[in-house]
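Here's the structure we're looking at; comments come further down.
The values are calculated or read from the model by the stated rules, or taken from the named source; none is laboratory data. As the structure is a prediction and not an experimental result, all values here were calculated from the model. Backbone-built Cβ (ideal geometry, glycine too); neighbour counts: all protein chains shown. Accessible surface areas use protein heavy atoms only, side chains included; no ligands, DNA or RNA. Shrake-Rupley method; radii C 1.70, N 1.55, O 1.52, S 1.80 Å.
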Amino acid sequence: MVRMSAEERRESVIRAAMSEFSRGGYYGTSTEAIAKRVGVSQPYLFRLFPGKKAIFLAASERCIGDTVRLFAEAAEGLSGEEALHAMANAYTRIIAEDPDRLLMQMQVYVTVAAAEAAGDHEFGEAVRAGWMRLWETVRIALGADVEETTTFLAYGMLVNTLVAMGFPPEHKVWEGFYPSARRLGRLEK
């Protein structure tokens, strides 16, 4: 049996944390559940990360960073409407393949709001920095058009909300969306 390096274990923890946090949120997920999913003890988990907050921040940064990379790769060599459709289709595919990614995004935003209300601004600062990387990636792909960037991201957030609430693809709320977005309504919960 090959032993994992600490970096490989950290990676395993981040993946497990994304799955656990996506379902239970920050406040409803225990570090015990994350450790169990990875197959390590809690003390070992805390050798890799100083605490639950650090694990959540790492998972949040990964979630946003993965979306930034997804958009950048999808739009590579494209511009304008071609880039827009490539990014939208790539996002549609990834959410269909990995619904936990969508749920993790939603949990990130809820956790930021709760932390900010409690006076903890660390979550918000980290997530806002990631969101700005995402915004810039989309803005550049769309030819630095701020209005198109805002529209694209607004539609994306609407898609996130509709999918998270389980609206079926034939529901009238999907009218007006691109066909690829309508497919998201078919995701299994």
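Among residues belonging to segment 120-150 that are at negative phi, outside any helix (DSSP H, G or I) and not hydrophobic (A, V, I, L, M, F, W, C), point out the one that is least open to solvent (accessible area, probe 1.4 Å). Let's see the steps before the verdict.
Of all residues in segment 120-150, those at negative phi come to 120-142, 145-150.
With the extra rule that they be outside any helix (DSSP H, G or I), the set shrinks to 120-121, 142, 145.
So of that shortlist, the ones also not hydrophobic (A, V, I, L, M, F, W, C) come out as 120-121, 145.
Working: Asp120: 43, His121: 87, Asp145: 62 Å².
Going through the qualifying residues, I end up with Asp120.
Which of the residues belonging to segment 19-46 are under 20 Å from Ile64 (Cα atoms), of a type outside the set (Ser, Thr, Tyr) and open to solvent by 30 Å² or more (accessible area, probe 1.4 Å)?
Glu20, Arg23, Gly24
Out of (1) touching a helix residue (DSSP H, G or I) at 6+ places or on another chain (Cβ under 8 Å); (2) closer than 23 Å to Glu7 by Cα; (3) without any contact (Cβ under 8 Å) to a residue 40 or more places away in the chain; (4) among the charged types (D, E, K, R), what's the single condition that is false for Glu73?
That leaves (2) as the condition not met.
Within the group Ser79, Ser22, which residue is out of contact with any helix residue (DSSP H, G or I) (no Cβ under 6 Å at 6 or more places or on another chain), among the polar types (S, T, N, Q), on the phi < 0 side of the Ramachandran plot and touching a residue at least 24 places away in the same chain (Cβ under 8 Å)? I'd like the intermediate steps shown before the answer.
Numbers: Ser22 fails: out of contact with any helix residue (DSSP H, G or I) (no Cβ under 6 Å at 6 or more places or on another chain).
Criteria check complete, one pass: Ser79.
Would you confirm whether or not segment 134-148 contains a residue that is without any contact (Cβ under 8 Å) to a residue 40 or more places away in the chain, of a type in the set (Phe, Trp, Tyr), out of contact with any Asp or Glu (no Cβ under 8 Å at 6 or more places or on another chain) and more than 23 Å from Asp66 (Cα to Cα)?
No - not one qualifying residue is present in segment 134-148.
Could you check segment 1-46 and list, in sequence order, the residues that are in a loop (DSSP other than H, G, I, E, B) and either within 14 Å of the chain's Cα centre (by Cα) or of a type outside the set (S, T, N, Q) (or both)?
Looking only at segment 1-46, we keep the residues that are in a loop (DSSP other than H, G, I, E, B), and these are 1-5, 29-30, 39-41.
Matches in segment 1-46: Met1, Val2, Arg3, Met4, Gly39, Val40.
Checking Leu153 against (1) modelled with pLDDT under 90; (2) open to solvent by less than 40 Å² (accessible area, probe 1.4 Å): exactly one of these is not met. Which one?
Evaluating Leu153 over (1) modelled with pLDDT under 90; (2) open to solvent by less than 40 Å² (accessible area, probe 1.4 Å) leaves (1) as the failure.
Do we find that Phe49 is farther than 30 Å from Thr150 by Cα, more than 12 Å from the chain's Cα centre (by Cα) and either open to solvent by 30 Å² or more (accessible area, probe 1.4 Å) or not charged (D, E, K, R) (or both) in this structure? It would help to see each step written out before you state the result.
Working: farther than 30 Å from Thr150 by Cα: yes; more than 12 Å from the chain's Cα centre (by Cα): yes; either open to solvent by 30 Å² or more (accessible area, probe 1.4 Å) or not charged (D, E, K, R) (or both): yes.
Answer is yes for this residue.
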